[in-house]
Amino acid sequence: MPRATRLLTLLLALALATALAGCFGDDDDEADGPNEPPPPTRPTTPDEVITGFLLTYGEGDLAGYEDLLDEDFRFVCGDGSMVDRATELALTAPLFAGEAGEGGVAFSDVTIEYLQPQGLWEQVEAADPYFGDLDGVLRRAYDVFLSFRVDGQALIYQVQGLVIFYTRADGDGFFWLVGIHELSDVVGKATEQHGWCEIRHLFD
């Protein structure tokens, strides 16, 4: 079972257990005062942003992915080219929907095989050429392995390499995904050579 699916199953199970506990709790608790407010649904830590990425991008959930992105989101490719939030969503929508891109290529499934942190979260400096103009941004490198299954073919595009994720908190303490920087275009294709950016730009 893919990691994202396992995480989603666990979260749903925890939510169900919490709901059942509330249903069968002691009635006297209600008389003592109002129920506790529900936990926040937005990420409250940088690590929860990454979990949100796993649960949305890994499941092809465009609405959930969009809700995770900061208004100043940027996706930076290995060659230094960059797209903004609106363009990122325009590229991702047909990819998730299984629509055909350049050369008629369409993907039936996107799987995050693993997303392994390298080091700790650190503050982004003003000298950063892509995110230095934003306040309060944190970054962390991850070793990423993504699989894009080509629809109708026994073919999988496999993207593997280092990627930096960027996040920051808003005034309410909720965290957003500010950016993704693919450091290299190293990939295997079960197959051919492709980078994450190259795959996304099949839908320009």
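Among the residues of the stretch 42-95 satisfying the criterion of being of a type outside the set (D, E, K, R) and assigned to a strand (DSSP E or B), which is farthest from H181 (Cα to Cα)? Before you say what the answer is, go through the steps one by one.
First, pick out the residues of the stretch 42-95 that are of a type outside the set (D, E, K, R): 43-46, 49-58, 60, 62-65, 68-69, 73, 75-78, 80-83, 86-87, 89-95.
In the following step, the residues that additionally are assigned to a strand (DSSP E or B) were identified as 69, 73, 75-76, 82-83.
On the way: L69: 14, F73: 11, F75: 6, V76: 5, M82: 9, V83: 11 Å.
Top of the filtered list is L69.
For the list (1) crowded, with 19+ Cβ neighbours inside 10 Å; (2) more than 15 Å from the chain's Cα centre (by Cα); (3) at pLDDT 95 or above, I need the number of the one condition that D135 fails.
Failed condition: (1).
Mind checking which pairs have a first residue in the stretch 76-94 that is more than 21 Å from F107 (Cα to Cα) and a second that is aromatic (F, W, Y), Cβ under 8 Å, 6 or more apart or different chains?
Close Cβ pairs (under 8 Å, with a partner that is aromatic (F, W, Y)) amount to V76/Y130; M82/F75; M82/Y130; V83/F75; D84/F73; R85/F73.
State which residue is surrounded by the most Cβ atoms within 10 Å (Cβ to Cβ) when the search covers only the stretch 82-120 and only residues that are more than 13 Å from D204 (Cα to Cα) and of a type in the set (S, T, N, Q).
Restricting to residues being more than 13 Å from D204 (Cα to Cα) and of a type in the set (S, T, N, Q), the top hit is T111.
State whether one or more residues within the stretch 121-131 are of a type outside the set (F, W, Y), in a strand (DSSP E or B), touching a strand residue (DSSP E or B) at 6+ places or on another chain (Cβ under 9 Å) and exposed (fewer than 13 other Cβ atoms within 10 Å of the Cβ). Please lay out each step first, then the result.
Going residue by residue through the stretch 121-131, those that are of a type outside the set (F, W, Y) are 122-129.
Those still in the list that are in a strand (DSSP E or B) too: 122-123.
This time we only want the ones that are touching a strand residue (DSSP E or B) at 6+ places or on another chain (Cβ under 9 Å), so: 122-123.
Among the residues that remain, those that are also exposed (fewer than 13 other Cβ atoms within 10 Å of the Cβ) are: 122-123.
Yes, the stretch 121-131 contains at least one residue that is of a type outside the set (F, W, Y), in a strand (DSSP E or B), touching a strand residue (DSSP E or B) at 6+ places or on another chain (Cβ under 9 Å) and exposed (fewer than 13 other Cβ atoms within 10 Å of the Cβ).
The values are calculated or read from the model by the stated rules, or taken from the named source; none is laboratory data. Quick caveat, the model's predicted, so the values are computed rather than measured. Every residue, glycine as well, gets a Cβ built from its backbone with ideal geometry; the counts of neighbours run over all protein chains shown.
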